[in-house]
Amino acid sequence: MAQGYGSRGEPADLEIHVQAAQAGGYTVELVVDQLQHFGPGQLGPEPPLLAPDEEAPGVTLYRWLMASEELARGWAEARGQAESGGRAPLRRIRLRLDAEAPELHALPWELLAEPEHPGAPWAASEETPFSRYLGLSSPPGHPVFERPARMLVAIAAPTDCDRLGFHPLDAEAEWQVLASAAGEIGPERLVVERLDGRVTLARLEEQLATGGFHLLHLVAHGRVPELGPLVYLEKEDGSGQRVLGTELAACLKRSASGLRLLFLASCESAVEEPSGASASLARQAIEAGVPAVVAFAEKVTIPTSRAFTGAFYGALVEDGRVDRAANRARSALMAAGHQASRPPVLLSRLVGGCLFGARGRVVGKEADGFWRRLVKALRRKDALPILGPGVLAGLLPDRAELAPRLASEYGYPFAHSDPLSRIAQHATVHGGERVQPRQDVLKFMAEDFARRYRLSGREGAEHDLCGLIAASGWSERVRRGDEGEIHHLLADLPLPLYLTTNWDNLLAQALTGLGRPPAEEGWVRWYEPETERLGEEELDFADEPTVARPVVFHLFGSARKPSSLLVAEDDAFDYLVRVGRQIEQLVPLRVREDLVNKVLLLLGFEFGEPALHLLLRGLLGHPALRPEDGLRLRVAVQVDPDATERDEAERARDYIQGYFQGADIHVYWGSTRNFVAELHERFHRESHG
């Protein structure tokens, strides 16, 4: 299921990784959508000398970067994949430079431009959101869903600027610029507060530690002397207080755990020393734990700073993507004639650039109380997540991607775009073996997983899909770089039972990675020979599911048992027949009880797809699962707006209502990732508040 945003969809994700120089030069690699790897390629042994009189510096950088045939091929392929319907290609560019290559950090990468468009740098284009990406071991944190977001403004205007060698700062004028920008955004989306009194380092730390701010906008003079980058804050008497970058970073690390963005409106705050003597203020803030930092790489005039500031915040709150906001702000500077030899810099650890999570729309009776009731259900352990195919987006191939591969494997004579179930049915009938197509599908999934996570061919061959996921250290990798991953957010909710319609063991691995290894990972054994006595003892779990030892139960088969998978058309028919006759012997009692009594969270389903129809018709519609008199089935359904038009929200609700007359049904209109992230954020905020 698509996880795009806006009507134009999500850009292709391109990470360009330039490693520190070795004997033969610099090694470069391009990774597209964290799956396709191009390279490694080799660049020249020396960074290019930028001579403005010969050629645009950005074009010189581009020619040096694309000197690697591997990178040029990957760039061209990514461009071709991104183009659709005659539109310009959308590519999110993350430039990753090794910390051991300070000479590369010092280059003006924000000027990068293709030779045919020298005046249109990537970092100022709507089509190529651009950031410098820093990969660290700690996770970058979640997007902000709370509205209004809160920003602290600290304006340091020492009374002795003349002595320090700076022009005086007009603190009131700076504040009016930010207050005006906030007024246009609206107080329901962004609240701006000014740091009272003198902007001392101690007062800044105290305010950050107690204020619950998401953004910090710091206006201060700065420079990069021999002792390292610094800013000038204030002393209690109003004179300037010199604050080293290391001191500011230490303050942020101690006090700014909830901070998502730091805007350093300070000259040279992004300047990097080619010698590596010290990292920039911006990079030190990133290393202190702030996931995104905007800063200036040269001395900047007050009009330029103000123009960039207003454009940046307007775009950020509108779109929520910090890299796209930075691009729009750079473009606004160019349009206004503010030309710079080194444009403003965005350093980020946000893979998708998402700073503000998009809130979905809730449709249903008493929609205003939707989140409050859902959080209360989580506290009571009264919620039951049911995972659909959409939660696997970006992790494993879906049925539409698997279908043509299975069609080629078995010489399917019809359109390879036919549903996977139909192609698998043909393979079963003509191949004479029912299990083999299932094993082939699992093999394709394992191959894609191995490519995505750059596992060796030998490692992939030694494991089946579940074994490969476990052996790859997938959970640890995700926890280092993507705190918004769906399985891990769900695993961090205190629930004893999870249901999934998927075949993989990603949820079990996420639970294990968070210290809650499942007591059991079971599945419906519909494929076993039917028992002669339909009234045999009811099935239940050997151990009661608990929060510490939860259970993951697969409704439509598990990769651990290929014969359990519902792949071919006949599999679904046989499943319905068996479950219809023997649900008490195939579905554990605890699962049946929770399906009736808990709040059901349907996540990652598309309306009309087989998985949802089978869930509603084959399980939830079973007579044995009808609520007792006086009870109403409670269902929260997440629907991705890319799957259905937004104005059909009521029809989506009616679709579910058609299966369950009288049920209490709410539809969340937004992406699976945003729904789970917002639910997780609200639960933990209210639990600790």
Open item on the list: Return the equivalent ellipsoid semi-axes of the stretch 246-291 as a descending list in whole Å, where each equals the square root of 5 times an eigenvalue of the C-alpha gyration tensor.
Closed with: 19, 12, 8
Open item on the list: Just to make sure I understand: if all protein chains stay in place, what is the order of 237, 382, 664 by accessible area at 1.4 Å, largest first?
Closed with: 237, 664, 382
- [ ] Using only the C-alpha atoms of the stretch 502-591, find the volume of their convex hull and express it per residue in Å³.
- [x] 88
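Could you work out how much longer the chain between residue 164 and residue 435 gets when fully extended? Use 0.36 nm per residue separation minus the Cα distance between them, nm to one decimal.
89.8 nm
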Task: Residue-normalised accessible area of the stretch 356-479, given per residue in Å² at a 1.4 Å probe - done: 47
TODO: For the chain, just run the numbers: alpha carbon Rg, then divide by 2.2 N^0.38 Å, N being how many residues it has.
DONE: 1.05
Task: Amide H contacts under 5 Å for residue 96, placed H, 5+ residues apart - done: 16, 17, 18, 133
Open item on the list: To check you understand DSSP bridge types, tell me what percent of the beta bridges within the stretch 219-321 (both residues inside) are antiparallel, rounded to 5.
Closed with: 75
Task: Solvent-accessible surface (1.4 angstrom probe) belonging to residue 376, in square angstrom, nearest 10 - done: 110
TODO: Using only the Cα atoms of the stretch 400-533, build the gyration tensor, take square roots of its eigenvalues as a ≥ b ≥ c, and label the shape rounded, prolate or oblate: rounded if a/c is under 1.5, else prolate if a/b is larger than b/c, else oblate.
DONE: oblate
TODO: At 0.36 nm per residue, minus the direct Cα-Cα distance, what do residue 63 and residue 544 gain on full extension? Give it in nm, one decimal, please.
DONE: 166.9 nm
Open item on the list: Please compute, over every Cα-Cα pair in the stretch 379-452, the percentage with a separation greater than 20 angstrom.
Closed with: 39
Open item on the list: Using a Förster radius of 35 Å, what is the FRET efficiency between residue 414 and residue 454 based on their Cβ-Cβ separation? Nearest 0.05, please.
Closed with: 0.50
TODO: For every other residue with a beta carbon closer than 15 angstrom to the beta carbon of residue 135, add +1 if it is Lys or Arg and -1 if Asp or Glu, then tell me the sum.
DONE: 0
- [ ] Provide, for q = 0.13 Å⁻¹, the log10 of I(q)/I(0) from a solvent-free Debye sum over equal Cα point scatterers in the stretch 109-266.
- [x] -0.76
- [ ] Obtain the nm distance between the two label points defined at residue 401 and residue 237 by a simple spin-label model: each point lies 7 Å from its Cα along the Cα-to-C-beta direction.
- [x] 6.5
- [ ] Distance between Cα centroids, the stretch 251-317 to the stretch 550-597: provide it in whole Å.
- [x] 53
Task: Residue-by-residue Karplus 3J(HN,Hα) for the stretch 206-222, coefficients 6.51, -1.76, 1.60, Hz, glycine and proline x - done: 4, 5, 5, 5, 10, x, x, 8, 9, 10, 10, 10, 10, 9, 6, 6, x
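Roughly to the nearest percent, how much of the accessible area of the chain is carbon and sulfur, given a 1.4 Å probe?
49
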- [ ] Give me the percent of DSSP beta bridges within the chain that run antiparallel, rounded to the nearest 5.
- [x] 35
Task: Separation of the residue 597 and residue 76 label points, Cα + 7 Å toward Cβ, nm - done: 6.4
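Write down the Kirkwood hydrodynamic radius of the stretch 324-465, to one decimal in angstroms, obtained as one divided by the mean of 1/r over all alpha carbon pairs.
The answer is 20.7 Å.
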Task: Cα-derived Rg to Rh of the stretch 251-352, Kirkwood definition - done: 0.96
Task: Alpha-carbon spread of the stretch 301-347, three principal axes, descending order, Å - done: 26, 18, 17
TODO: Could you state how much accessible area residue 267 has, in square angstrom rounded to the nearest 10, with a 1.4 Å probe and all protein chains kept in place?
DONE: 30
Task: Ellipticity estimate at 222 nm from DSSP helix runs (n ≥ 4, -39,500 (n - 2.57)) divided over the chain, nearest 500 - done: -11000 deg cm²/dmol
- [ ] Using a Förster distance of 60 angstrom, determine the FRET efficiency expected from the C-beta separation of residue 382 and residue 23, and round it to 0.05.
- [x] 0.45
Task: In the stretch 509-576, GluC sites (Glu not before Pro) in a DSSP loop with at most 10 other beta-carbon atoms within 10 Å - done: 532, 537
TODO: Report, in debye and to the nearest 20, how large the dipole of the stretch 144-297 comes out about its Cα centre when Lys and Arg carry +1 and Asp and Glu carry -1 on their Cβ.
DONE: 420
Task: For the stretch 539-584, the Rg and Dmax computed from alpha carbons only, in angstrom - done: 13.2, 38
- [ ] First check a/c for the stretch 469-534, with a ≥ b ≥ c the square roots of the eigenvalues of its C-alpha gyration tensor; if it is under 1.5, answer rounded, and if not, answer prolate when a/b is larger than b/c or oblate otherwise.
- [x] prolate
Task: Lysine pair number, Cα distance threshold 20 Å (strictly under), the chain, separation 8 or more or different chains - done: 5
Open item on the list: Nearest 10 degrees is fine. How inclined is helix 370-379 to the longest principal axis of the chain, computing both from alpha carbons?
Closed with: 70
- [ ] Give me the percent of DSSP beta bridges within the stretch 495-558 that run antiparallel, rounded to the nearest 5.
- [x] 0
Task: Cα pair distances exceeding 18 angstrom across the stretch 98-200, given as percent - done: 72
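The values are calculated or read from the model by the stated rules, or taken from the named source; none is laboratory data. These figures come from a predicted structure and were not determined experimentally. Ideal geometry is used to build each Cβ from the backbone, glycine not excepted, and the neighbour counts take in all protein chains shown. These accessible areas exclude ligands, DNA and RNA; they are computed on the full protein's heavy atoms, side chains included. Shrake-Rupley method; radii C 1.70, N 1.55, O 1.52, S 1.80 Å.
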